[in-house]
Each structure stands twice: as structure tokens, then as C-alpha cells.
Amino acid sequence: MIDRKGRALTRSSSFREELLNGGTRASRAVPIKVLDGGNDFYDTSQYSQHSLRNKIGNDKSNLNNVKPSKFSYQRPEFLQLRTDDEILVSADHQIRPIILPRDVSRLPWRSGYAECINAGKSIRNEDQATCYQGVAFERNDDNNLENDVPLVPIYESIPWTYFAVFDGHAGPGVAIAAANQLHYILAEKLNSIARILIRSEFEEEDAKIRIEVLERSNQETQDLSNDSEKDVGKEDPNISNQCDSANTNNPRCPVKDITCNTNRTGLSSDDYINGALESSFWEMDASIGRDKREYRMSGGCTAIVGLFILGKLYVCNAGDSRAIVCKNRKVIPMSYDFTPISDQKRIARLALQCPRLLGDTFTQIEYQPRHPCKSHLGTKMFYRDAYMSGFAVKTITPDDLKYPLICGEGKRSRLLATIGVTRGFGDHEMRSQYGSVPIKPFLTPEPEIKKLDIEKDDNIVTNDVLIIGTDGLWDVTSNDKAEEILSSSFNIFPEHEKSRSKYRYMTAAQDLIINSRGLSNGYSVWMNRNDDSYASHDDISAFVIPLKPYKQEYQEWKQTRFEALAKAYELNPNLTLKEGQMN
């Protein structure tokens, strides 16, 4: 790799030896122990957010009995960093090289991705990213197999595409686990509801196709028999009452019991997909909790997922990463940054309902103009409890001197004076610095989901994209600034120049990282390119995903599906699609 001045982005052999042998070259990084494969490093920067009780390996006995790692350290597969040396080069804290996929076709629709490591906060990049494409279908013994792969008709399956970024803290272990497993958990959830989704989404179109095929078949039969008096609609029972959804006793009726049940309950495909995403997040967190007992899996991570399915985009977020859609030079927020301040109402209500979770150390009550101290005893202050929207007055007692549930402001706010995130995976073993109060369940994997209907939007153009990025990007680059950067980048790589346009989304992702990373002043301090403000010193990762290619791909698949279903009905007029029933 070469930087802009032609310098090779390589490490000295001494650095490589220090890194692999547990050295401390990166600023403030203090590795405790290094094992082969998935080595987790711990650094002093975590102690501002994590209790010293959580430090692993603080004596020789712990070092001798350290648990194995479930997954080795990695960078996203689509980056194709195949050797340890390539990974080491990408982890240069002084140069902070921006890493892109070598092959733009590795990501669907030539989407863009870029990342860079932090400025020394941790020895390794704790961000992880995943892209996965799958097909949802119900697995059962009836599936034909070819090389152990089920063969399923296209009209009984649903394609989907998944992008995700995970922002780790206190080590990359949990982020790596989520990057390797969450999409498989989601795949199982989608498989379990595949038939129900098909009925919910395509029941009317499928019924029309069957009627058209049967009418055409009977018309051809009528022409061949030259029987002009034959009334097709009355003579052929296949056509009579084809769309009578109440006629569920007719085995040839394309609208079966599951359709009627779905309509009566008022559930839609959105309800099923939201449930699949939500349950996947909770199951992923539970799996990490179990694995932590057996494997060395440090810290936790935030998670944000972009799921393209059935012509729609679903963004599922738990943490302070962010997703936006840039469309027609406007920004559509697709997620909500969860911080201790923004998530304070949920946390305070949980504490009010389960006061035992606070122990004898913390209080959920908020005070103004500041949290009381001993000098305020017996005086009156404004307060607000979890059930209140405004402030009232009370006399300060010793119970009011407990630590606040949320302390600090903005990016420096902390939950239980310990951690700066409130939603995500992992951190099951973490306790507060004061009072040893468990961080769970105040820290929760509960996600927020937002949807964008891409298929029904007639104004989708080439420059309309989804951006998914970790907080390292958004700490410096605002939503509007991101849209401005994309527009400028797209102008350099116009769509009509086919030889260059394939790089437009990759270059746009790179430009976003460049803006947030800024420039080094030569003293390990990174400054904004446009002013004297600080740039991001965090790990930065970003996807730039075009919407139009997905819309075209989905419409083509949908047309192919209808044609395949029509042929199936022609071959077997009595064909009945399998019902989506819950076992």
C-alpha cells in the first residue's frame, strides 16, 4: 500500500514483533496477554468506561488459565486482507490508511465500503462489518437436495441482502462474534416465516396468475374442440369462485386458510420482518452471554443492520452507530443514536419499576440545576422522577446523595458512571465502577427499526444511497455534510462514464472517511481539514449502498417469479402452493 506521497505503508519488523509478542507501541495500549489467533488486547482508555473489576488477567494465575477465543481476529471478508502482515499494515495508528475492498464487485450492486483504524485508542480496529446475501425458504424434508443444498422453486423463496456494522468497545471480541453469527440467526428467523411472507405479500398476484393460466388453458381447449357453445366460466370448476377467500374448503382455491388468518389478525409482512430482526438481536446477545462463560470474548459492541427484502429497506439499530438515506439531495434519517442522555427515559423507567437493580448506590431521580452533594442537605432543589415530565421541588435528604443513573453530558455521558452506550451486544460481566451494580439490563440489545419502501418509490435515481456508519464517522460528519460529500464525489464519477462509474460508491465511502479522519498534525493529533477543530480519533467504518440497483434487481426477480409460477400452473393446474403455517 502506498500513501499520497508515495511512502510505503509498512511496519518495521520491530513493531511487528512487539505487536505479536504483546508490545505496547500504540499509544496507551497495554496488552495483557497474547495468544495465537483471536487475540484480545486491553488498553487503559477503557478504564474510563469500564470498572477495574472487569480487567482480565491481573495476576499470573489468570494468565495461565485464560480462555480460548471463539473467533480469531479478522477484518471484513470482502476486504480480502488474507495475511497477518496485511492486517498489520491496515492497523498503522500514525498513518491511519483508509482501507477499501480490492475488488469492487465483492459487494452487491458495487456498493462502497471504507474503514480506517483509530489514532491509538486501542491497538486493533474494534469495528467490524458484514455483507451477506441469502434466500429465505421453509426448510423441511420435502426439499429436494443437490450436493446437500435444498432445491426450492423461486415462487416459494424470497431473496434478501444484509449489511451490518458493529462498533466494539473494550476489545473486538463481541463485535467479531456478532459479525460472524448475526446474519445466520436472522436467516433462520426469515426461513421460519418465508411462506407466511409469500402469502402476505403475493396472495393477490398469485391468485390472478392462476386464474389467467386456467382461463387461457380452457380457451385453448375450447378452440381445439371448436365447441363455440361451451361456457368456460360455468363448465370448468377450476375457474368458479377462484378468488372467493371464504371458500377455504376448495382445495384449488389459491387463497387458503393462512391468508384469511393473516387478514383477520391485521398482520403484515412488516410485522413479521420486524419480529425476525428484533428476536435475532435478542438471541444474538443471549448467545454471546453463553459464549462468554466458555470463550475469551471481551467487552461488547453496538450493532446496526440494513436489510433489503421484498422491495423494502429495514434498518435495525441498537447503539450509537447511524444510518441515513440520501435521496434527491435530501437526508432521511433511518436510525436514532442511543446514548445515555437520549435513552434516559427508558433507563429511568426500568429503574423505577425494578429499584433493586440500582442497589444502594444509584438513583434514577434527576435534579436541577445539578446533582446534590452534602452541602445541599436540608435545602430545596428541583427534581424529576421517571414518571414525571416536568420538575417539582423537594427537600434534599441523604437518599438523594446517591450517584445519578446517568452522569455527564453529550458524548461524555455515562450509564452508571461506567459506559457510554445503552444498547448493543455483550458486556454481560460488566459492573459499575461504584457499588458493583450490573450494567445489564440497563444496557439492552433492544433495537429500533425503521422502514423505507423502495419498490413503490417512482423517484429513485442512481445517486440515492443508504449510508451506514459507526459513530467515528458521525462524530465529525453531520448528516447534511455527508450528503454534500456524496454529491461532490458522484460528480467526479458520473454515471454515463461506464469505465469509471463502477467506482463511484467506493470512492464516496472513502471520501466520507477522509472527512471524518482529517489530517495529522504530526503529533498523533488529527484535525479537521476545514477548520481547527479535532477530527475523529476513533475507528471509522462506512457503507455507501445504492438503492436503484436493488429496486431493479427486485423487480426483475419478481417478474421471474410470476413467470415461473405461471409455468408451474400450466404444467399442473391442480398445483396448490404450500401454506405458511406455524408448527
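The values are calculated or read from the model by the stated rules, or taken from the named source; none is laboratory data. Bear in mind the structure is a predicted one, so any value in this text is a computation, not a measurement. Every residue, glycine among them, receives a Cβ derived from its backbone with ideal geometry; neighbour counts consider all protein chains shown.
Miscellaneous remarks
- Counted residues, the stretch 469-481 - those being of a type in the set (A, V, I, L, M) and not in a loop (DSSP other than H, G, I, E, B): 1
- Index of the failed condition, A386 passing every other in (1) modelled with pLDDT of 95 or more; (2) surrounded by 16 or more Cβ atoms within 10 Å (Cβ to Cβ): (1)
- Candidate set from the stretch 517-563 (those that are more than 26 Å from the chain's Cα centre (by Cα) and basic (K, R)); member that is modelled with the highest pLDDT: R561
- Among the residues of the stretch 460-488, the ones that are more than 27 Å from K411 (Cβ to Cβ) and among the hydroxyl-bearing types (S, T, Y) come to 3 in all.
- When the stretch 523-541 is filtered for residues that are of a type in the set (S, T, N, Q) and buried (at least 22 other Cβ atoms within 10 Å of the Cβ), the ones remaining, listed by number, are S536, S541.
- Yes/no for T363 being touching a residue at least 40 places away in the same chain (Cβ under 8 Å) and of a type in the set (S, T, N, Q): yes
- Given (1) buried (at least 17 other Cβ atoms within 10 Å of the Cβ); (2) in contact (Cβ under 8 Å) with a residue 60 or more places away in the chain, number of the condition S520 does not satisfy: (1)
- Of all residues making up the stretch 385-424, the number that are closer than 15 Å to R370 by Cβ, of a type outside the set (V, I, T) and touching a Gly at 6+ places or on another chain (Cβ under 8 Å): 2
- Residue, surrounded by the fewest Cβ atoms within 10 Å (Cβ to Cβ), within the stretch 273-319, restricted to residues that are under 20 Å from F338 (Cα atoms) and among the β-branched types (V, I, T): V315
- Unique residue being modelled with pLDDT of 90 or more and part of a helix (DSSP H, G or I) when the list is A179, A207, A164: A179
- Qualifying residue in the stretch 534-546 (condition: more than 15 Å from A323 (Cα to Cα), in contact with a Pro (Cβ under 7 Å, 6 or more places away or on another chain) and small (G, A, S)): no
- E229, sole failed condition from (1) closer than 21 Å to Y155 by Cα; (2) at pLDDT below 75: (1)
- Cβ separations smaller than 6 Å between residues 6+ apart or across chains give the following pairs from the stretch 107-122 residues that are closer than 12 Å to F163 by Cα to residues that are modelled with pLDDT of 95 or more and among the small types (G, A, S): G112/A508; G112/A509; Y113/A509.
- Neighbours by Cβ (under 6 Å, 6+ apart or cross-chain): first from the stretch 471-498, surrounded by 13 or more Cβ atoms within 10 Å (Cβ to Cβ); second among the basic types (K, R): W474/R322; F490/R504; F493/R500; F493/R504
- Filtered residues of the stretch 396-430 (kept if among the hydroxyl-bearing types (S, T, Y) and either touching a His at 6+ places or on another chain (Cβ under 6 Å) or exposed (fewer than 12 other Cβ atoms within 10 Å of the Cβ) (or both)): T397
- Helices (runs of 4 or more DSSP H) wholly inside the stretch 482-583 containing at least 3 residues that are over 30 Å from K208 (Cα atoms) and touching a Leu at 6+ places or on another chain (Cβ under 9 Å): 504-517
- Lone unmet requirement of (1) in contact (Cβ under 8 Å) with a residue 24 or more places away in the chain; (2) among the basic types (K, R); (3) within 30 Å of W474 (Cα to Cα); (4) surrounded by fewer than 22 Cβ atoms within 10 Å (Cβ to Cβ) for K189: (3)
- Sole exception among (1) at pLDDT below 90; (2) within 23 Å of the chain's Cα centre (by Cα) for E409, by number: (2)
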